[in-house]
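Engineer: Below: one structure in structure tokens.
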Amino acid sequence: MTKNTDIKAMMTDIGVRAKAASAILAYATPDQKQQALNLAADAIWDQRDRIIDANALDMDFGRAKGLSDAMMDRLMLDQDRIRGIAEALRAVAAQDDPVGAVLADWDRPTGLNIKRVRTPLGVIGVIYESRPNVTADAGALCLKAGNAVILRGGSESFHSSGAIHACLQAGLRAANLPTDAVQLVPTRDRAAVGELLTMVEYVDVIVPRGGKGLVGRVQSDARVPVFAHLEGICHVYVDAAADVEKTRAVVLNAKTRRTGICGSAECLLIDRAFYAEHGAPFITDLINAGVEVRGDQTLQEIEGVVAAGPDDFGCEYLDMIIAAKIVDGLGDAIAHLQEYSSNHTDCIMTENADVAAEFFQKVDSAILMHNASTQFADGGEFGMGAEIGIATGKMHARGPVGTEQLTSFKYIVTGDGTTRA
């Protein structure tokens, strides 16, 4: 077994090398970073058979660990998903380089010119579970934004992440950039996470991407600033003025497209007036699709709906389960969201523009949807190429964290022998 002293020494070495690499990346050219990412995408596609073989080892590990079907789906890689990983790398490569972008430019009466300019954050630690594609997404986004990154994947994705990481380093090497710019912690030992969370000398920000347990530990133990993404308790509110067929399509997609992602709908709120006029055909659709619907007393009138317990509202199932309840109008729906939403993604289905506007104004979630599936809560779908996670806090970054959110800024002040009176 690896000793804690060995883990500390290993993590310190990783931190030192990441810090040195970040200093080089800060002035790497846009062409170099683009080349590194495109070559990494080439390597991932060329090595797809090797990545799938590595993933098979992880799938065996996950089955032995007793992972749920939804978690196994998050873990699984096939040729189509590997193609998607490569395409995401190319999409990030093609984006405008954020580093050096002028955010504001103004002159002062003193004769000074002041510019606010994007700069890299430095070194980012990313701690994640299960999904091996995060290895590529996080590595690509951090690199594009001029940051070095230390990746600590979950024990379930150990082999898959290692194979993908090797491709990222191949791209860096071919573009004449330091391979230490993207490092993967080479152990499943949880002591490595504890070290990473306290490496204030080397790490500028931590991004956790995983379940409540992981994120809670990171927020509790970290001495490094954290971009928080706690849970995806996503709601769909069906307003009195909702279109029935649009709602049926959106609700079914929001829950069943992929149940194991943080944008999956976990709770339905149905306006009483809508239910009185139209019923809830989308609930029958969900039941027919194999979803267990846990409803309040009114909704238990629908065949197949089971009784919701006290813990069902405010639960992130990440499975073929959804909670549902009747609410008395928008105000009641908003009150429910204030109590149970995780401020990740919430949706309103309505044809009333004024009601939608009020929902947008009064609901304080990172992403708000109108007549659109919560499954669109994804940086790739936002045009960011990929995302490092969905930040649900309110400091610095909120919503999908892409390249721009992985930068800070500095002020460039220019005078001409200017002195202050």
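Where a number appears in this text, it was derived from the coordinates with a stated rule and is not lab data. In this text the structure is predicted, and so the values were computed from the model without any measurement. Counting neighbours? That spans all protein chains shown, and the Cβs are built from the backbone with ideal geometry, glycine included.
Engineer: What fraction of the DSSP beta bridges in the chain is antiparallel, stated in percent and rounded to the nearest 5?
Structural biologist: If I count the DSSP bridges inside the chain, around 30 percent turn out antiparallel.
Engineer: Work from the charge dipole of the range 87-208 (Cβ charges, +1 for Lys and Arg, -1 for Asp and Glu, about the Cα centre) and give the residue of L112, N133, Q169 farthest towards its positive end.
Structural biologist: The residue sitting most towards the positive pole is L112.
Engineer: Which residue fluctuates the most in the chain, going by a Gaussian network model with Cα springs under 10 Å, if the choices are A91, A391, A148?
Structural biologist: A91
Engineer: Now for a different question. Using the count of nearby Cβ atoms within 10 Å as a rough guide to exposure, how do D319, D58, D312, D46 rank from fewest to most? Show your work: numbers first, answer last.
Structural biologist: Working: D319 17, D58 26, D312 21, D46 13.
Exposure proxy ranking, most exposed first: D46, D319, D312, D58.
Engineer: Put +1 on the Cβ of each Lys and Arg and -1 on the Cβ of each Asp and Glu in the chain; which of A64, Y411, V236 then has its Cα farthest toward the positive end of the dipole?
Structural biologist: Result: Y411.
Engineer: Under the rule that an exposed site lies in a DSSP loop and has at most 16 other Cβ atoms within 10 Å, name the longest stretch of the chain with no trypsin sites (Lys or Arg not before Pro) of that kind, not counting the sites themselves. Let's see the in-between values first.
Structural biologist: Numbers: sites that count: K3, R188, R190, R223, R257, R258, K394, R420.
Excluding the exposed sites themselves, the longest stretch runs over 4-187.
Engineer: What are the GluC sites (Glu not before Pro) within the range 300-368 that DSSP puts in a loop, where the Cβ has at most 12 other Cβ atoms within 10 Å? Working shown, then result.
Structural biologist: Details: sites: E301, E303, E316, E339, E351, E358; in loops: E303, E316, E351.
Answer in residue order: E303.
Engineer: Measure out, as a whole number of angstrom, how far apart the alpha-carbon centroids of the range 350-417 and the range 267-289 sit.
Structural biologist: Each part reduced to its Cα centre gives a spacing of 30 Å.
Engineer: Also, I was wondering about something else. What pairs from K33/K115; K212/K325; K65/K325; K144/K246; K33/K65; K115/K394 go past 27 Å between their alpha carbons? Don't skip to the end; give the middle numbers.
Structural biologist: Details: K33/K115 24 Å; K212/K325 24 Å; K65/K325 34 Å; K144/K246 38 Å; K33/K65 38 Å; K115/K394 25 Å.
Among K33/K115; K212/K325; K65/K325; K144/K246; K33/K65; K115/K394, the Cα-Cα distance tops 27 Å for K65/K325; K144/K246; K33/K65.
Engineer: I want to verify a result. In a Gaussian network model of the chain, Cα cutoff 10 Å, which of these has the top mean-square fluctuation: H278, H235, H336?
Structural biologist: H278
Engineer: Relative to the Cα centre, what is the charge dipole magnitude of the range 234-376, using +1 at the beta carbon of each Lys and Arg, -1 at the beta carbon of each Asp and Glu, and rounding to the nearest 20 debye?
Structural biologist: Values: 9 positive and 23 negative charges, 86 e Å.
Rounded to the nearest 20 debye, it is 420 debye.
Engineer: Okay, next question. How far is helix 244-256 tilted off the main Cα axis of the chain, in degrees rounded to 10, range 0 to 90?
Structural biologist: 50
Engineer: Have a look at N343, A289, I302 and report the one farthest towards the positive end of the charge dipole of the chain, computed about the Cα centre with Cβ charges (Lys/Arg +1, Asp/Glu -1).
Structural biologist: The Cα lying farthest towards the positive end belongs to N343.
Engineer: Hey, another quick one. Under the classification rounded if a/c is under 1.5, otherwise prolate if a/b is larger than b/c and oblate if not, where does the range 234-376 fall, given a ≥ b ≥ c as square roots of the Cα gyration tensor eigenvalues? Working shown, then result.
Structural biologist: Working: a/c = 1.34, a/b = 1.15, b/c = 1.16.
Rounded, since a/c falls under 1.5.
Engineer: If you don't mind, there's one more thing I want to ask. With +1 on each Lys and Arg Cβ and -1 on each Asp and Glu Cβ, how big is the dipole of the chain about its Cα centre, in debye rounded to the nearest 20? It would help to have the intermediate numbers written out before the result.
Structural biologist: Numbers: 40 positive and 56 negative charges, 387 e Å.
The calculated dipole for the chain is roughly 1860 debye.
Engineer: Continuing with the same structure: Taking the Cβ of each residue in T259, T29 as the centre, tally the other Cβ atoms inside 10 Å and list the residues starting with the fewest.
Structural biologist: On the way: T259 21, T29 12.
Fewest to most other Cβ atoms nearby, the residues stand as T29, T259.
Engineer: If the reach is capped at under 18 angstrom between alpha carbons, list the aspartates and glutamates near K19, excluding any in the same chain fewer than eight residues apart.
Structural biologist: K19 reaches D180, E195, E201, D204.
Engineer: If one takes the longest principal axis of the Cα atoms in the chain, at what angle in degrees, from 0 to 90 and to the nearest 10, does the Cα axis of helix 48-65 lie?
Structural biologist: Once rounded, one gets 60 degrees.
Engineer: Please give the charge dipole size of the range 153-258, origin at the Cα centre, charges +1 on K and R Cβ atoms and -1 on D and E Cβ atoms. Round to the nearest 20 debye.
Structural biologist: On the way: 12 positive and 11 negative charges, 74 e Å.
Result for the range 153-258 is approximately 360 debye, rounded to the nearest 20.
Engineer: For the chain, take N as its residue count and report Rg(C-alpha) divided by 2.2 N^0.38 Å.
Structural biologist: Working: Rg = 23.3 Å, N = 421, 2.2 N^0.38 = 21.9 Å.
Ratio of Rg to 2.2 N^0.38 Å for the chain: 1.07.
Engineer: While we're looking at this one, here's another question. Relative contact order (percent) for the range 234-376, with alpha-carbon contacts under 8 angstrom and 6 or more residues of separation? The partial results should precede the final answer.
Structural biologist: On the way: 283 pairs, mean separation 49.0, N = 143.
RCO, the range 234-376: 34 percent.
Engineer: Give me the angle, in degrees from 0 to 90, between the Cα long axis of helix 329-340 and the longest principal axis of the Cα atoms of the chain, rounded to the nearest 10.
Structural biologist: So the inclination is approximately 50 degrees.
Engineer: Which of T403, T256, T414 comes first, and how do the rest follow, when ranked by fewest Cβ neighbours within 10 Å?
Structural biologist: Numbers: T403 27, T256 18, T414 11.
Arranged by neighbour count, lowest to highest, T403, T256, T414 become T414, T256, T403.
Engineer: Compare D107, D97, D49 in a GNM of the chain, Cα atoms joined below 10 Å, and give the one with the largest fluctuation.
Structural biologist: Most flexible of the set in this elastic network: D107.
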